[in-house]
Amino acid sequence: MKRREFIINSALAVGGTALLAGCGKKDVKKAKGQVVRRKFDNTTMPLIALGCMRLPMRDGKIDMVELDKMVEYAMAHGANYFDTAYMYVDGKSENAIGEVLKKYPRESFILTDKNPAYLVNSPSDVHKLFNEQLKKCQVEYFDNYMVHNINKNTIRNYRDNDMYGELLKLKKEGKIKHLGFSFHGDPKMLREVISEHKWDFCQLQLNYLDWEVVNADELYQIADDAGVPVIVMEPLRGGVLCNLPEKAANHLKEKCPNDTQASFGLRWIAGKERVFTILSGMSNLQQLKENVDTFVNYREITPEEEKVGQELAHIIQSGGAISCTACRYCMEVCPRGINIPAIFGLYNMYKGSTAANAAFMFVYNYNALKEEQRADKCIECGLCVKNCPQDLQIPKLLKEVDKTVKEVEKGMA
């Protein structure tokens, strides 16, 4: 990546316009260090953005005090891009980020939202949902707006109801500045979708693990060949890449001693030139500070470091980990309320650990789950499979976890 492609500490560090004084809005106090920005259309975007799918929580509710601190810190350092969606945090994300951002001049932040394709059964639904989202976010327009989660189950809704055409009308009205889509499908489908219309951008799941294990490299290449700018989601694979198995963690420490697990993952994907911003689901102020620091003191990825990503992916894969990003889409449809992401997370930690107490901790933490949420309660209805962006055969995997739990328990008896 050429350094001239970045604009650092520029006058555009708060969204490309001067802040409005007065008007009852909170002034943005710019910190000394500003995150690196990348060109997009006729403006720039911060290379790191706050994804609002995993907001700070306290006592089962969004911690608004912590979120306010996070937004203030992000804004001060030029990380003024915020990404939400209709179903995030059980439908409460839009209200929460809207409540915090209303304190700032509208021109000082970049807000992205998404039209939930799975809820669209008519063209009028597109507008109904859009207007609801504007109200919840307390804004009059969205900077970036998407058809949300195009996949094998939602593509018919997207096409039959001409979601692109309906959203294009809103763009022409000035209610959407840039129109795109987020995607969870195979390369063949992406080629079709990306060539059907003139998109301003697309949002793809890209990280160094998926690059080697699944088809992330091919998805990126399709977007790159089409000249469509890319927003990255799940750059740390739902936290998997900042909680590496011991063998992988030691390898990273040896090869890249100046990186944390998170900073390496973020720097690795930032090395792809078509990427203009990276969403990270930061759930507390400390995580935000660490990620912002990565892009305030940005170091471009080297060819040698890129190879380290490949090596790490192979190490992780050899540990038998399940490719779950903890997006929780499976739990939206599970009739039994099984805590699938938690089960897979515990299994992955067990498989990737060489600690002496790994087996004990696996069983202990697994049994700490509510009995009705455990793997053996799966009725194999298959609804989760249809809703999984990773195409995981979840019932089969739950059986494997249940079998492993029983084997470990037997070995400890």
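Do we have any residue at all in segment 14-25 that's under 26 Å from HIS148 (Cα atoms), buried (at least 23 other Cβ atoms within 10 Å of the Cβ) and at pLDDT 95 or above?
Residues of segment 14-25 that are under 26 Å from HIS148 (Cα atoms), as a first pass: 15.
Those left that are additionally buried (at least 23 other Cβ atoms within 10 Å of the Cβ): 15.
After this cut, where a residue has to be at pLDDT 95 or above as well, the list is none.
No - not one qualifying residue is present in segment 14-25.
Which of the following residues is at negative phi, surrounded by fewer than 15 Cβ atoms within 10 Å (Cβ to Cβ), in contact (Cβ under 8 Å) with a residue 40 or more places away in the chain and not β-branched (Val, Ile, Thr): LYS29, LYS69? Show your work before the answer.
Values: LYS69 fails: surrounded by fewer than 15 Cβ atoms within 10 Å (Cβ to Cβ).
LYS29 is the lone residue from the list that is at negative phi, surrounded by fewer than 15 Cβ atoms within 10 Å (Cβ to Cβ), in contact (Cβ under 8 Å) with a residue 40 or more places away in the chain and not β-branched (Val, Ile, Thr).
Name the single residue, out of those in segment 192-218 being over 16 Å from the mean Cα position of the chain (by Cα) and closer than 17 Å to THR154 by Cβ, that is surrounded by the fewest Cβ atoms within 10 Å (Cβ to Cβ).
GLU196
Would you mention how many residues in segment 154-174 are of a type outside the set (A, V, I, L, M, F, W, C) and buried (at least 16 other Cβ atoms within 10 Å of the Cβ)?
We begin by selecting, within segment 154-174, every residue of a type outside the set (A, V, I, L, M, F, W, C); these are 154, 156-162, 164-166, 169, 171-174.
With buried (at least 16 other Cβ atoms within 10 Å of the Cβ) added as a condition, the list becomes 154, 157-158, 161, 164, 166, 171.
The total comes to 7.
Of all residues in segment 72-93, which are in contact (Cβ under 8 Å) with a residue 60 or more places away in the chain and either acidic (Asp, Glu) or not assigned by TED's automatic domain parsing to the domain that holds MET146 (or both)?
Taking segment 72-93 as the starting set, the residues that turn out to be in contact (Cβ under 8 Å) with a residue 60 or more places away in the chain are 73-75, 77-81, 83, 85-87.
ASP83, the sole residue that qualifies.
Being among the hydroxyl-bearing types (Ser, Thr, Tyr) and free of Cβ contacts under 8 Å to residues at least 60 places away in the same chain is the filter here, so list the residues in segment 340-390 that pass it. So that I can check it myself, show each step before the final result.
We begin by selecting, within segment 340-390, every residue among the hydroxyl-bearing types (Ser, Thr, Tyr); these are 347, 350, 353-354, 364, 366.
Of everything in segment 340-390, those that are among the hydroxyl-bearing types (Ser, Thr, Tyr) and free of Cβ contacts under 8 Å to residues at least 60 places away in the same chain turn out to be TYR347, TYR350, TYR364, TYR366.
Any residue in segment 308-316 that is at pLDDT 95 or above and crowded, with 18+ Cβ neighbours inside 10 Å?
yes
For segment 77-193, which helices (runs of 4 or more DSSP H) that fit wholly inside it have 2 or more residues that are within 30 Å of THR294 (Cα to Cα)? Spell out how you get there, then give the answer.
Values: elements: 88-91, 93-101, 123-137, 155-160, 163-172.
Once the helices (runs of 4 or more DSSP H) in segment 77-193 are filtered for at least 2 residues that are within 30 Å of THR294 (Cα to Cα), what remains is 88-91, 93-101.
At negative phi and not assigned by TED's automatic domain parsing to the domain that holds GLN205: is that true of ALA270 in this structure? Full working, then the answer.
Details: at negative phi: yes; not assigned by TED's automatic domain parsing to the domain that holds GLN205: no.
The answer is no for ALA270.
Checking GLY227 against (1) under 21 Å from the mean Cα position of the chain (by Cα); (2) at pLDDT 90 or above, which test does it fail?
With (1) under 21 Å from the mean Cα position of the chain (by Cα); (2) at pLDDT 90 or above applied to GLY227, the lone miss is (1).
Examine segment 340-348 for a residue that is among the β-branched types (Val, Ile, Thr), outside the structural domain of PRO229 (by TED's automatic domain parsing) and surrounded by fewer than 21 Cβ atoms within 10 Å (Cβ to Cβ), and state whether such a residue exists. Talk me through it step by step, then tell me what you get.
So in segment 340-348, the residues among the β-branched types (Val, Ile, Thr) come out as 340, 343.
Filter once more, so that each one left must be outside the structural domain of PRO229 (by TED's automatic domain parsing): 340, 343.
Of the ones still in play, those that are also surrounded by fewer than 21 Cβ atoms within 10 Å (Cβ to Cβ) are none.
Taking every residue of segment 340-348 in turn, none turns out to be among the β-branched types (Val, Ile, Thr), outside the structural domain of PRO229 (by TED's automatic domain parsing) and surrounded by fewer than 21 Cβ atoms within 10 Å (Cβ to Cβ).
The values are calculated or read from the model by the stated rules, or taken from the named source; none is laboratory data. Treat the numbers as computed from the prediction; the structure is a model and nothing was measured. Glycine also receives a Cβ, built like all others from the backbone with ideal geometry; neighbour counts cover every protein chain displayed.
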